[in-house]
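The values are calculated or read from the model by the stated rules, or taken from the named source; none is laboratory data. It should be emphasised that the depicted structure is a prediction, and the values quoted were computed from it without experimental measurement. Here Cβ is always computed from backbone atoms with ideal geometry, including for glycine, and neighbour counts include all displayed protein chains.
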Ligand SMILES: [Zn+2]
């Protein structure tokens, strides 16, 4: 064991270097560009408060389940669902999600993931999963973006819940392009057969993760592929939810 004074000294120097780094490379909020204060990460607390989290642990998930029921029927409704924020186009959350998805700001994914993990934990329901599965990107799209934002969110959730992330249970079988601006019928058509079983067998309780859910067509198609490849049940977790665009 190291003497107490040495470890105290080491932590003192670590804090000093961290502080110096902050002076040399000040961290700013990625939404409003304001300087971040001590304890803030990526987004300032002012911007976070404007995301308007759903009230309570179940409100977001319930809204999401009603939308899926309306569009796809009872058989498509997930066993459980959690969602942090209502999503509005051109709102502050939209800006943050754009940064996460297209501007390389992937640490935001684990930040949102940790918040989502805390929400799931606070819901009082059974929160052990056999696999946390991020919605996969087509391999070409993954190369183009260099990372999958849903995987970063899944890693954040895993850090809180302790369940493992699995990226190989299912994969995209076709390059579907963006769903933005498509009607529900077009989305469903676009998604038919979009996923298939991956290289890793799937079993038990699965938590399927994505950034934003609109009609749910993509999540429902992916959940179908997970159930077909051996999952017993599939719950949904998303950061944002919008009923229609
Ligand atoms: Zn801000």
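When the helices (runs of 4 or more DSSP H) confined to the stretch 48-154 are screened for residues that are at pLDDT below 90, those reaching at least 3 such residues are found at 92-102, 139-145.
Taken over the stretch 23-47, the criterion of being buried (at least 19 other Cβ atoms within 10 Å of the Cβ) and either more than 8 Å from the ligand (Cβ to nearest atom) or part of a loop (DSSP other than H, G, I, E, B) (or both) is satisfied by 29, 30, 31, 42, 44. When the stretch 39-79 is filtered for residues that are touching a helix residue (DSSP H, G or I) at 6+ places or on another chain (Cβ under 9 Å) and farther than 21 Å from residue 113 by Cα, the ones remaining, listed by number, are 68, 69, 71, 72, 76, 77.
Scanning the stretch 205-225 for residues that are out of contact with any helix residue (DSSP H, G or I) (no Cβ under 6 Å at 6 or more places or on another chain), modelled with pLDDT under 95, part of a loop (DSSP other than H, G, I, E, B) and surrounded by fewer than 18 Cβ atoms within 10 Å (Cβ to Cβ) turns up nothing.
The residue that is surrounded by the most Cβ atoms within 10 Å (Cβ to Cβ), among those in the stretch 48-62 that are more than 20 Å from residue 127 (Cβ to Cβ) and in contact (Cβ under 8 Å) with a residue 40 or more places away in the chain, is 51. Residues that are touching a residue at least 60 places away in the same chain (Cβ under 8 Å), within 16 Å of the ligand (Cβ to nearest atom) and out of contact with any helix residue (DSSP H, G or I) (no Cβ under 8 Å at 6 or more places or on another chain) within the stretch 82-93 comprise just one, 93.
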